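In what follows, a structure is listed as structure tokens, so that the remarks can point back to it.
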There are 2 protein chains.
Amino acid sequence: MVKKALYLDDLKVGDSFISEKYHLSADKIKRFANEFDPQAFHCDESLAEDTFFKGLAASGWHTAAVTMKLLTGSLPLAHGIIGAGGEITWPQPTRPNDVLYVKSTIKEIKPSKSKPNQALVIVECETLNQRNEVCQRLVTTLLSFRKS
Amino acid sequence: MVKKALYLDDLKVGDSFISEKYHLSADKIKRFANEFDPQAFHCDESLAEDTFFKGLAASGWHTAAVTMKLLTGSLPLAHGIIGAGGEITWPQPTRPNDVLYVKSTIKEIKPSKSKPNQALVIVECETLNQRNEVCQRLVTTLLSFRKS
């Protein structure tokens, strides 16, 4: 289903968006970790037992990447999701077979002074598991455009 | 080369660490984007021309993942690189054939009051390209452990 693109005038503080769900298997966790975060607690179930995480956990950057995937399907900003950055925290690890979804809420809209057709939109994106526990909280600044 | 693991007592504010280099090809950019950030400006050179980025650019989360890969080889914290989160910005896009490296600098060391064998270490990680332009700045909070 193609969602209607949202322009600046379509957005208001408090609007929220719920993504589809994403199943994170142990195999996916280990494949991402082998490429980008090759540490024992992300790559090997048995080695992970004796670490801080006490079992296999996804790289936080894997949770972030999955979050982005879910945002691309749930936050249909016109001209795309273009982020300048954000604050990210991982209140608890993402585990094998977690089923993740993202709830995004618009917290603030800051019109650009120099570019009247643009605004910065502050969006809080919570990545939740199947028990509705927050695995990642991202407060990010995104670009939004007026319909021209 | 296996680097000596660094415990809390080995770290001091101002210490810095330089990673190896990582070549980010257009194919890698598109492969990551197809899985995690399937937007035109990350997936297709010709479609990317007419976007905000005016050409193919890596997903910011890909730059973050590559940064983590480079950190695992350059910041040998004992018990691993365990992050609680951080502040991330992308001052400019990462482009095909950029050669990235990471410079990490310890900014602050905050001993834990409740866990005397631990501290939170604030590390600024700049991800630079072959022209020494900052593509990503990450200020992250990592766990460090005293040698027991």
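The values are calculated or read from the model by the stated rules, or taken from the named source; none is laboratory data. Values in this document were obtained by computation on a predicted structure and should not be read as measured data. Cβ coordinates were reconstructed from backbone atoms using ideal geometry, including for glycine residues, and neighbour counts include every protein chain displayed. We work out accessible area using only protein heavy atoms, side chains counted, and drop any ligands, DNA or RNA first. Shrake-Rupley method; radii C 1.70, N 1.55, O 1.52, S 1.80 Å.
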**Prompt:** Quick one: label points 7 angstrom along Cα→Cβ at B:Lys147, distances to the other copies in nm, smallest first?
**Reply:** 6.6
**Prompt:** Measuring from a point 7 Å out along Cα→Cβ, what nm distances, shortest first, does A:Lys28 have to its partners in the other copies?
**Reply:** 2.3
**Item:** Only Lys, Arg (+1) and Asp, Glu (-1) charged, at Cβ; the protein assembly as shown dipole about Cα centre in debye
**Value:** 460
**Message:** Binning at 10 angstrom from zero up to the longest distance, how are the C-alpha pair distances of region A:19-71 distributed in percent?
**Reply:** 28, 52, 19, 2
**Request:** Output the Kirkwood hydrodynamic radius of region B:8-145, Cα pairs only, in Å rounded to one decimal.
**Result:** 15.8
**Ascending list, in nanometres, of distances separating the B:Asn97 label from those of the other copies (7 Å, Cα toward Cβ)** = 4.7
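Could you tell me how many cubic angstrom of Cα convex hull volume the protein assembly as shown has per residue?
Once divided by residue count, the hull of the protein assembly as shown is 149 Å³.
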**Prompt:** Leaving out ligands, DNA and RNA, what percent of the accessible area of chain B is carbon and sulfur, probe 1.4 Å?
**Reply:** 52
**Asked** Rounded to the nearest 0.05, what FRET efficiency is calculated for B:Ser114 and A:Lys4 with R0 set to 51 Å and r the Cβ-Cβ distance?
**Response** 0.55
**Item:** Cβ neighbours within 10 Å from other chains - mean over A:88-100
**Value:** 2
**Asked** Can you pull the mean other chain C-beta count within 10 Å for peptide B:19-25?
**Response** 0
**Message:** Placing unit charges on C-beta atoms (Lys and Arg positive, Asp and Glu negative, everything else neutral), compute the dipole magnitude of chain A about its Cα centre in debye, rounded to 20.
**Reply:** 800
**Asked** Ignoring ligands, DNA and RNA, how much accessible area is buried between chains A and B, both sides summed, with a 1.4 Å probe, to the nearest 100 Å²?
**Response** 2800
**Request:** Send over a whole-number figure in Å² for the accessible area per residue of chain A, probe 1.4 Å.
**Result:** 48
